[in-house]
Amino acid sequence: MIRNQSMTSQMQGKIIDKVQVTPSEVRYHFRNMKKEDIPLVDPMVEYAQITVIPPIELEEENRIKARLREFKERVENGENFATLAVLYSEGPSAVNGGELGFMGRAQLDANYATAAFNLKGDRVSNVVKSEFGYHIIQVVDRRGDQINTRHILLKPKANIEAMEEAKSRLDSLANFIRKEEVTFADAAMRYSFDKNSRNSGGKVINPQTMSTKWRQQELDPDVSKILDGLKVNEISEPFKTIDDKQRTVYKIVKLIDRTEQHRANLQEDYQLLTEIYLQEKQEEAMNQWISEQQAKTYISIDRTYANCNFKFKGWQK
């Protein structure tokens, strides 16, 4: 069953991967759409951010590592790793006994992956530092190039002084930007800790669409709340939030643009219109291929299924 599904997906991929659309085709298709068929585009925002991660004291990092070494020793003395993960891990997988599911190397933090793939049997790793915090790891199962691991994650916490320092630093930076002593983009490239947005002048890319536009429901709730209170080109006060690595950080954000709900148009929504037309052409190509196969393939359908409502017509001859 799984093999058949895989072969089907591969064949569909071969067919639709050949389909392309040109800018002139997109424009022609749009101009011939009925008004009621032109999609409504949700309200969107574009924003930039500068992120500061409060520094962690060495004493706190040592405390975390010692705690994880204690958990490792307890597992080696017979305690259940998954139970300890449920009780103590600070990662979202804690409810599953720390289990992450099957993943390849590229899906894991580099340090985590190296430690996990080098483990033998059910041994527990030494303490591993990743961009999420500190871990100990145990392998659950292997499947080809993928591995299923469970882990206990502990995150070192910044002290109050470090948190206040990060907030104060961003407050000063925001004032410099408002006085036009430095641009937001230059400040982001020089001072932001977030490597994903830093090199684009702080502009935040939506990973679902790979564009700079965000629907409200796609935004982090803390960021969404702040942006709601800003005018275009206005800069927020520093605020505390959790980043995509589940770390406590401080941010300032700038609202670059806000668009209200509207009918799609070529100027603002060219990418969306391209995707819609591409999907239509891919579906046409798939239907054409199926029709061609039906014409030259012997097909016998059991009477039990003769009255079924098939997605594609023409199976019964």
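The values are calculated or read from the model by the stated rules, or taken from the named source; none is laboratory data. Because the structure is a prediction, the values reported are computed rather than measured. Positions of Cβ are generated from backbone atoms using ideal geometry, with glycine treated the same way; all protein chains shown enter the neighbour counts.
The one condition from (1) under 25 Å from Asn196 (Cβ atoms); (2) surrounded by fewer than 16 Cβ atoms within 10 Å (Cβ to Cβ); (3) of a type in the set (Gly, Ala, Ser); (4) modelled with pLDDT under 95 that Ser168 does not meet is (4). When Arg247 is tested against the conditions (1) modelled with pLDDT of 90 or more; (2) over 30 Å from Glu25 (Cα atoms); (3) surrounded by 15 or more Cβ atoms within 10 Å (Cβ to Cβ), the lone failure is (1). Within segment 228-237, not a single residue is touching a Phe, Trp or Tyr at 6+ places or on another chain (Cβ under 6 Å) and either part of a helix (DSSP H, G or I) or not small (Gly, Ala, Ser) (or both). Checking every residue in segment 170-185 against the condition of being under 28 Å from Lys129 (Cα atoms), of a type outside the set (Asp, Glu) and assigned by TED's automatic domain parsing to the domain that holds Ser236 gives at least one match. Within segment 130-145, being in contact with a strand residue (DSSP E or B) (Cβ under 8 Å, 6 or more places away or on another chain) and surrounded by 15 or more Cβ atoms within 10 Å (Cβ to Cβ) holds for Phe132, Gly133, Tyr134, His135, Ile136, Ile137, Gln138, Val139, Val140. Where residues in segment 198-227 are part of a helix (DSSP H, G or I) and β-branched (Val, Ile, Thr), which of them is nearest to the chain's Cα centre (by Cα)? Going through the qualifying residues, I end up with Val223.
Residues that are crowded, with 16+ Cβ neighbours inside 10 Å, part of a strand (DSSP E or B) and in contact with a helix residue (DSSP H, G or I) (Cβ under 9 Å, 6 or more places away or on another chain): does segment 85-100 have at least one? Yes, segment 85-100 contains a residue that is crowded, with 16+ Cβ neighbours inside 10 Å, part of a strand (DSSP E or B) and in contact with a helix residue (DSSP H, G or I) (Cβ under 9 Å, 6 or more places away or on another chain). Run Thr304 past the list (1) without any contact (Cβ under 8 Å) to a residue 24 or more places away in the chain; (2) assigned to a strand (DSSP E or B) and report the number of the one that doesn't hold. Failing condition for Thr304: (2). The set of residues in segment 20-35 being assigned to a helix (DSSP H, G or I) and either of a type in the set (A, V, I, L, M, F, W, C) or not assigned by TED's automatic domain parsing to the domain that holds Glu275 (or both) consists of Val26, Phe30.
Residues in segment 42-66 that are more than 18 Å from Arg247 (Cβ to Cβ), surrounded by 14 or more Cβ atoms within 10 Å (Cβ to Cβ) and charged (D, E, K, R): Asp42, Glu46.
Condition first: polar (S, T, N, Q) and either part of a helix (DSSP H, G or I) or in contact with a Leu (Cβ under 6 Å, 6 or more places away or on another chain) (or both). Now tell me which residues in segment 47-74 satisfy that. Please lay out each step first, then the result.
Of segment 47-74, the ones polar (S, T, N, Q) are 49, 51, 62.
Asn62, the sole residue that qualifies.
Of all the residues in segment 101-112, those that are within 21 Å of Pro156 (Cβ to Cβ) and either in a strand (DSSP E or B) or of a type in the set (A, V, I, L, M) (or both) number 2. If you filter segment 128-173 down to residues that are touching a residue at least 12 places away in the same chain (Cβ under 8 Å) and assigned to a loop (DSSP other than H, G, I, E, B), you find that the one that is farthest from the chain's Cα centre (by Cα) is Asn159.
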